[in-house]
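The values are calculated or read from the model by the stated rules, or taken from the named source; none is laboratory data. It should be emphasised that the depicted structure is a prediction, and the values quoted were computed from it without experimental measurement. With ideal geometry, Cβ positions are generated from the backbone for all residues, glycine too; neighbour counts draw on all protein chains shown. Note: areas computed on protein heavy atoms with side chains; ligands, DNA, RNA excluded. Shrake-Rupley method; radii C 1.70, N 1.55, O 1.52, S 1.80 Å.
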Amino acid sequence: MNVLYGIGFAAACLIALLMTPLVKKFAFWVGAVDAPNHRKVHSRIMPRLGGLAIFIGFVGAYFIISPAMDSVNSEVALGLLVGGSIIVLVGALDDRFDLSPKVKLLGQIIAACVVVYSGVVIDLVNVPFGDTTISLTWLAVPLTIFWIVGVTNAINLIDGLDGLSAGVSGIATTTILILALMMGNVTVVLLSVILLGSIIGFLFYNFHPAKIFMGDSGALFLGFSLATLSILGFKQATVLSLLVPIMILGVPLSDTFFAILRRWVNNLPISKPDKSHLHHCLLQLGFSHRLTVLIIYGIASIFGISAVLLSYMSEQNAIWGMVLLIVVLIAILVLGAEAIGIISQTKKPVLQFLQKVKVLFGARSRMMK
């Protein structure tokens, strides 16, 4: 079985590697290019549509390896392939014609419905500190669609630097792969292996200095795939272990959350783009393009390790350990966000409170002397 996984990974990586230069030429030919502007970091016209190479690598490797694997859930895999095809088509059209947000959202919902129809649905939740099980019934489908569409767009939001979105997605895919191996989920292992291979093959051309961008065709497909794979092993889980897929995608989801909060704090429309995302803040602090990407890779890896630990604790029923881990991560996240000014450069309530506490304790210490 491990040999088959290795063949699938190698096939996906090789196909994506060979297809990317061809996709680059195709992007220039059809005019799917990204021109620099005040919000963009790059300074020259770049080809988009790199997601096509990732998708072709993924699909090609799947059809090469799947006939030799009898234990793969073909319905779920087919749902991901068909839904992914819809997402890639929508993203590719957006790369060329800049579709309206409503049209893109409609395409994402349709693709999510395809996956749900294939059987990927969050249906049961076990409440911690007891044996109570809650059936989501009619909430299951809309919750699953909301998760898929939300993660799909979250990956798209962090696609702002060379290799950033692909690398973070690769780390998230690796985390899902590790968890799937722990659970013995053959379908998720196979799909994660070939997705990871496709990402790595594309990264040869996408890491700084990039020769091609993945565009919406790639960012939406990666987000869609990660959203689907991240819930496949958590369809019936405790409330706390449902945080595992959230941790797996910690970087894009937290960046999206802070973007919404930032615009709310500054009385700006939620949909208004800006240059205050995580990668923008790190660049403004003076880090280089490459180092900024590597720092975010490190943050994504911490989230991934935390997800594995949380999953392990969930299996061992270490509820208080899970709670402690979550509290520590949230504290670090909040302090880090305020430190770099991702929400506001002036409004930093937690840091300001800690500064007042420090001053107060300093004054009391001097009085005692």
field: Rg and Dmax of the range 168-273, Cα atoms only, in Å
entry: 15.9, 47
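In Å², and per residue, what accessible area does the chain have when probed at 1.4 Å with the other protein chains present?
On a per-residue basis, 47 Å².
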field: Exposure ranking of ARG290, ARG48 by accessible area [1.4 Å probe, largest first]
entry: ARG290, ARG48
message: Taking the full set of protein chains and a 1.4 angstrom probe, give the accessible area of LEU22 in square angstrom, rounded to the nearest 10.
response: 100
- request: Towards the positive end of the charge dipole of the range 1-312, with charges on Cβ (+1 Lys, Arg; -1 Asp, Glu), say which of LEU161, VAL82, SER225 has the farthest Cα.
  value: LEU161
message: Taking amide H atoms as placed 1.01 Å from N in the peptide plane, list the residues 5 or more away in sequence, or in a different chain, whose amide H sits under 5 Å from that of ASP34.
response: MET46, ARG48
- request: Might you work out the accessible area of SER344 for me, using a 1.4 Å probe with all protein chains in place, and round it to the nearest 10 Å²?
  value: 10
message: Compute, for the chain, the length of the dipole vector about the Cα centre, with Cβ point charges of +1 (Lys, Arg) and -1 (Asp, Glu) only. Units Debye, rounded to 20.
response: 1680
statement: For the chain, the percent of accessible surface on carbon and sulfur atoms (probe 1.4 angstrom, ligands and nucleic acids excluded) is 70
statement: Calculated from DSSP helices alone, with each H run of at least 4 adding -39500 (n - 2.57) and the total divided by the residues of the chain, [θ]222 nm to the nearest 500 comes to -24000 deg cm²/dmol
message: Rounded, prolate or oblate, given the Cα gyration tensor of the range 287-354, with a/c below 1.5 counting as rounded?
response: oblate
- request: For MET19, MET46, write out the residues from largest to smallest accessible area, computed with a 1.4 angstrom probe and no ligands counted.
  value: MET19, MET46
task: Could you rank ILE305, ILE326 by how accessible they are, 1.4 Å probe, largest area first?
output: ILE305, ILE326
- line: If R0 = 25 Å, then LEU335 and ILE295, at their Cβ-Cβ distance, give a FRET efficiency to the nearest 0.05 of 0.95
message: If I ignore ligands, DNA and RNA and count only protein heavy atoms, how much of LYS211 is accessible to a 1.4 Å probe, in Å² to the nearest 10?
response: 100
Contour excess over end-to-end distance, with Cα ends at VAL30 and MET182 and 0.36 nm allotted per residue: 50.3 nm
field: Choice from VAL188, VAL359, VAL168 showing the highest fluctuation, given a GNM over the chain with Cα pairs closer than 10 Å
entry: VAL359
task: Using a Gaussian network model of the chain whose springs link C-alpha atoms within less than 10 Å, name the residue from ILE176, ILE148, ILE296 with the highest mean-square fluctuation.
output: ILE296
- request: Name the most mobile residue of GLY51, GLY197, GLY298, meaning the one with the largest mean-square fluctuation, in a Gaussian network model of the chain with Cα contacts below 10 Å.
  value: GLY298
query: Which whole-number percentage describes the relative contact order of the range 1-312, with Cα contacts under 8 Å and a sequence gap of 6 or more?
result: 26
